[in-house]
Amino acid sequence: MSSPAPLPDGPYAPMVGAPAPAAVAPARPVARAVLAEVRRDLRGAAVWALGLALAGIPAGLLWVWLAPRARFEVVEGGAVPVGNPSAELLVADDSVLVLVLAGLGLLAGGIAWAMRRRRGVATLVGTAVGTALAAVLAWQMGELLAPGPSAAELGDVGARVTTGLDLSSLPALAVAPFAALLVYVVAALFASADDLGRRDGVSSG
């Protein structure tokens, strides 16, 4: 009867009494938990995103109300300003809309974080999508409610016309989702609990 082969020496020799390698799938339970959380929050996040999108209507009305507009009198060969309009009017439309969208984003981020039962990935995505849609809706509504003078009006000598709202920089629309996510992420960084202090209807001590 042959004797068993001796154990090999060297760097590849097995260590006697060494523990078995740990399972390399600790991420699976975490992924399942995150996926289950997203599924639970999906409907609420969709409703939240829709509500934020509709907030673009008052934001657009606020833009129309706050943005300064200049009046011109149509003369032969063009139009002359009435009074002394400020030179900043050329960028005032964008600046006022940026401030309105920033306020909307900060408010949306704060409310999203205050919804403790919905803190998580779905609410974060819903907040970003909703504020982005709100920004687009505010932009379109502002330009619709405050159009510039038509060609017929500009051809009517002696008539007075008012400049319309016009967004010259489309990246300004990113201010709302950026501000909302900034508030949410900063609040999450200061959260002490791993679950961001989320409350799923179960009281914790």
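Residue-wise HN-Hα couplings along segment 44-52, as the Karplus relation 6.51 cos²θ - 1.76 cosθ + 1.60 with θ = phi - 60° gives them from phi, are x, 5, 5, 5, 4, 5, 5, x, 5 Hz; Gly and Pro carry x. Asp94 sits with roughly 20 Å² accessible to a 1.4 Å probe, with DNA, RNA and ligands left out of the calculation. Ranked from largest to smallest solvent-accessible area, with a 1.4 Å probe on the protein heavy atoms, Phe190, Phe178 come out as Phe190, Phe178.
What FRET efficiency, computed as 1/(1 + (r/R0)^6) with R0 = 45 Å and r the Cβ-Cβ distance, is obtained for Arg40 and Leu99, rounded to the nearest 0.05?
That pair, Arg40 with Leu99, gives E of 0.80.
The values are calculated or read from the model by the stated rules, or taken from the named source; none is laboratory data. Predicted, not measured: the structure shown is a model, and the values here were computed from it. FYI the Cβ positions are ideal-geometry reconstructions off the backbone, even for glycines, and counts take in every protein chain you see. To get the accessible areas, we keep the full protein, side chains included, count just its heavy atoms, and leave off ligands, DNA and RNA. Shrake-Rupley method; radii C 1.70, N 1.55, O 1.52, S 1.80 Å.
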